[in-house]
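A.B. asks: Below: one structure in structure tokens.
The values are calculated or read from the model by the stated rules, or taken from the named source; none is laboratory data. What you see is a predicted model; the values in this text were computed from it and never measured. Glycine gets a Cβ as well: all are built from the backbone with ideal geometry, and neighbour counts include every protein chain shown. Accessible surface is based on the protein model in full, side chains and every heavy atom, while ligands, DNA and RNA are left aside. Shrake-Rupley method; radii C 1.70, N 1.55, O 1.52, S 1.80 Å.
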Amino acid sequence: MDMEAAKVLGAGFAAIGCGLAAIGVGVVFGNFLEGALRNPGAADGQQGRLFIGFAAAELLGLLSFVVAMILIFVVK
């Protein structure tokens, strides 16, 4: 396998994390809405945890995107 093919293959595997981050964000918001609909009085107290979960999932997605871009454009 030549170096260019290995770079593109590695970048493709790293980019999978972007899709998984989207799934993670959907799970976080879905679970929040499920809990908020069951107990609307506690929804305000859980909103901070919602944003922390959202930020963590997005951070991992952005990190995988950065790794993919580094593999494509920086590694020679």
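A.B. asks: Keeping all protein chains in place, calculate the accessible area per residue for the stretch 6-61 (probe 1.4 angstrom), answer in Å².
C.D. replies: Here the per-residue accessible area is 65 Å².
A.B. asks: Rg(Cα) of the chain divided by 2.2 N^0.38 Å?
C.D. replies: It is 1.53.
A.B. asks: Follow-up. So, with +1 on the Cβ of K and R and -1 on the Cβ of D and E, and no other charges, what is the size of the charge dipole of the chain about its Cα centre, to the nearest 20 debye?
C.D. replies: 80
A.B. asks: Let me ask something else about it. By how many degrees, between 0 and 90 and to the nearest 10, does the Cα long axis of helix 43-73 differ from the longest principal axis of the chain?
C.D. replies: Rounded to the nearest ten degrees, it is 0.
A.B. asks: Between Leu60 and Asn31, what FRET efficiency follows from the Cβ-Cβ distance if R0 is 25 Å, with the result rounded to 0.05?
C.D. replies: So, using R0 = 25 Å, E works out to roughly 0.90.
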